[in-house]
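J.: Submitted below is the structure of interest, expressed as structure tokens.
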Amino acid sequence: MTLNIALLGAGRIGKVHAKAVAAQPSARLSAVHDASTEAAQALASAHGCAVRSLEEIQVDPAVQAVLICTPTDTHADLIERFTAAGKAVFCEKPVDLDIGRVRSCLKAVEAVGGKLMIGFNRRFDPHFAAVKAAIEAGKIGKVEMATITSRDPGLPHLEYLPRSGGIFRDMTIHDFDMARHLLGEEIAKVQASAAALVDPRVAELGDFDSASVILTTASGRQALISNSRRASYGYDQRIEVHGSEGMISAENQRAYDIELATKAGYLRPPLQDFFMTRYAAAYEAEIAAFIRMAVEGAAPSPGGHDGLKALEIAEAALLSVKEGRAVAI
């Protein structure tokens, strides 16, 4: 069976997912929709498919799945619309910036028996996935602590920040999901500290560009998260998990895994400098997992519940910063 997929959103991440679909022999991109007809046509032409309206995609029984890569404020409505139409849905994070709206959306999906997968792509990174597999195999014993470092090469455009939802909902939310994934338990308490150290204009916009978070589960397991919107040395993405019988880590990735040694010292190539490059394999594996879910009927993972829990942690982190205290979930 070949899964026919419609792509909603022909922007940067939409192009990444279109490429990932094209790499899967069991799926094909059958339609593209975007508010910009020009962008939709360019992407559709590149992949040999049609530009179609939301209405046409919704009522077409030949379209079995939908990828939602549109602006965040459209996500919940589109999820409800297309799960009600019987389509399997993949949606980029977050479902919405408002927890109440996320909950109502997930109830609507559940009411129609819909299939919804959320785009936490880092779970599918082969290096991070190998860490998780080693944990599940008992290689480090009982998990006790995780350390997650996530630092962007530089600030996004300042015009983006007011609609991003803030650093915790936009950036750290990936790390909140990874912390739950690695610790294997729900987060019970959040302690966060944040500031605008990269650019004072970020503070003027009511946001932060530097953050540190401690997450604690009911049993006492901990995750420490370090975030910055600026890493002058590249895209810094590392995880380390400590357990009762050992430790396992995944280091930064480079374009070439080589090291030059001379009398002047040791030299290695720079880090990957963009998320679409660093996580290219993760995006492809993520879409492959979505296709398997849609075709085989497996439970979505990460699903809507994972999106909700990550957003709850983000809200608790923001409250922790504002009130200078640990916040229970």
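The values are calculated or read from the model by the stated rules, or taken from the named source; none is laboratory data. The structure displayed is predicted, hence computed values, not measured ones. Note that each Cβ is placed from the backbone with ideal geometry, even for glycine, and that neighbours are counted across all protein chains shown.
J.: Of the conditions (1) more than 20 Å from Y279 (Cβ to Cβ); (2) at pLDDT 95 or above, H157 satisfies every one except a single condition; which number is it?
T.: (2)
J.: Moving on. When you check K139 against the structure, is it over 22 Å from the mean Cα position of the chain (by Cα) and among the basic types (K, R), yes or no?
T.: Against the criterion (over 22 Å from the mean Cα position of the chain (by Cα) and among the basic types (K, R)), K139 qualifies.
J.: Go through (1) closer than 19 Å to A326 by Cα; (2) touching a strand residue (DSSP E or B) at 6+ places or on another chain (Cβ under 7 Å) and name the single condition F176 misses.
T.: F176 satisfies all of (1) closer than 19 Å to A326 by Cα; (2) touching a strand residue (DSSP E or B) at 6+ places or on another chain (Cβ under 7 Å) except (2).
J.: I'm checking my understanding of the structure. Among residues of region 142-165 that are of a type outside the set (F, W, Y) and out of contact with any Ser or Thr (no Cβ under 9 Å at 6 or more places or on another chain), which one is surrounded by the fewest Cβ atoms within 10 Å (Cβ to Cβ)?
T.: H157
J.: Here's something else I'd like to know. Can you find, within region 213-231, the residue that is farthest from D152 (Cα to Cα) among those that are out of contact with any strand residue (DSSP E or B) (no Cβ under 6 Å at 6 or more places or on another chain) and small (G, A, S)?
T.: By that ranking, first place goes to S219.
J.: Is at least one residue of region 316-325 surrounded by 13 or more Cβ atoms within 10 Å (Cβ to Cβ), closer than 29 Å to A27 by Cβ and of a type in the set (A, V, I, L, M)?
T.: No, every residue in region 316-325 fails to be surrounded by 13 or more Cβ atoms within 10 Å (Cβ to Cβ), closer than 29 Å to A27 by Cβ and of a type in the set (A, V, I, L, M).
J.: Here's another thing I want to ask about it. Of R292, R201, R230, R221, which residue is of a type in the set (D, E, K, R) and either farther than 30 Å from E323 by Cβ or not assigned by TED's automatic domain parsing to the domain that holds P162 (or both)?
T.: R292
Results for (1) more than 19 Å from S228 (Cβ to Cβ); (2) of a type in the set (S, T, Y); (3) in the same structural domain as I239 (by TED's automatic domain parsing), shown as yes or no for each residue.
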| site | (1), (2), (3) |
| --- | --- |
| T149 | no, yes, yes |
| D152 | no, no, yes |
| E159 | yes, no, yes |
| D175 | no, no, yes |
| A188 | yes, no, yes |
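Conditions tested, residue by residue: (1) surrounded by fewer than 13 Cβ atoms within 10 Å (Cβ to Cβ); (2) within 28 Å of E186 (Cβ to Cβ); (3) touching a residue at least 12 places away in the same chain (Cβ under 8 Å); (4) of a type outside the set (A, V, I, L, M).
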| position | (1), (2), (3), (4) |
| --- | --- |
| N227 | no, yes, yes, yes |
| R230 | no, no, yes, yes |
| Y233 | yes, no, yes, yes |
| A250 | no, yes, yes, no |
| F275 | no, yes, yes, yes |
| Y279 | no, yes, yes, yes |
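J.: Out of the residues in region 130-141 that are of a type in the set (G, A, S) and within 15 Å of L183 (Cβ to Cβ), state the one that is surrounded by the most Cβ atoms within 10 Å (Cβ to Cβ).
T.: It comes out as A134.
J.: Give, as residue ranges, the helices (runs of 4 or more DSSP H) completely inside region 152-211 that count at least 3 residues that are closer than 25 Å to A129 by Cβ and under 18 Å from the mean Cα position of the chain (by Cα).
T.: So the answer is 167-170, 172-183.
J.: Report every pair of residues separated by at least 6 positions or lying on different chains whose Cβ atoms are under 6 Å apart, first residue within region 159-178 and of a type in the set (G, A, S), second in a helix (DSSP H, G or I).
T.: S164/D170
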